Amino acid sequence: MLRSLRLAFISLACLTVLATGAEAQFGVPLNHTDPKLEPVTVRELVARYCRLDYAGARLNSTDWVKLQPLVAWQANPDYSLFMVTSRFDVDTDLVPEHGRYQVTVHYRLLGKYYMSEGYSQESANQVEDVQYVVAEVNGDWRITDVEPNYPHPSRAAALQWVNKKLAEAQDPVAKTIYQHAVEQLQAQKATPLGQ
């Protein structure tokens, strides 16, 4: 009796080791979530990224560490402009395609800030749709592509960034551009973030 229990225990241990080895050998994702929960997990990942971006994380190099676990790329992509937004909405309808998901985020715009020209309200009250692609990377869901991939901060985050640039500026032309942006941003009203 004791011998059969010992044999059963050894057999179970061997099967566990073999199953674990087979998962690793054949590339079965170890952190894979329940397929029924994948859309919820993917949507929440994009929403977390958007909340951080809205709070200004893409504008501040020290905040990159907050975004890095959510994306597949290693550094904050360069950008020549950013869109100041009053709100964003992550679409509930995700498009699955070959093990990836496409997620659309709708941004309500207040204006845009061109790095070389300053702030413009030409896109105020427009909605911009941004496409996010989410795929599994090393067993975890990550944003692998965003189009267009420039920041979408809130008015408050943009104002904070512009004020910092104004305080650091030495060039009179740059100071004028920043001061004009501060005045325009302060004059605008923003609706609260909605999701």
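The table for this structure:
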| quantity | calculated |
| --- | --- |
| Test for Thr85: is it closer than 30 Å to Tyr178 by Cα, β-branched (Val, Ile, Thr) and in the same structural domain as Leu37 (by TED's automatic domain parsing) | yes |
| Any chance Pro151 is assigned to a loop (DSSP other than H, G, I, E, B) and modelled with pLDDT of 95 or more | yes |
| The one condition in (1) assigned to a helix (DSSP H, G or I); (2) surrounded by 21 or more Cβ atoms within 10 Å (Cβ to Cβ); (3) not small (Gly, Ala, Ser) that Val84 fails to fulfil | (1) |
| Of all residues making up the stretch 42-69, the number that are within 10 Å of the chain's Cα centre (by Cα) and buried (at least 19 other Cβ atoms within 10 Å of the Cβ) | 8 |
| Count of the stretch 97-122 residues which are farther than 19 Å from Leu159 by Cβ, out of contact with any helix residue (DSSP H, G or I) (no Cβ under 8 Å at 6 or more places or on another chain) and not charged (D, E, K, R) | 6 |
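The values are calculated or read from the model by the stated rules, or taken from the named source; none is laboratory data. What you are looking at is a predicted structure, and each value in this text was computed from that prediction instead of being measured. Counting neighbours? That spans all protein chains shown, and the Cβs are built from the backbone with ideal geometry, glycine included.
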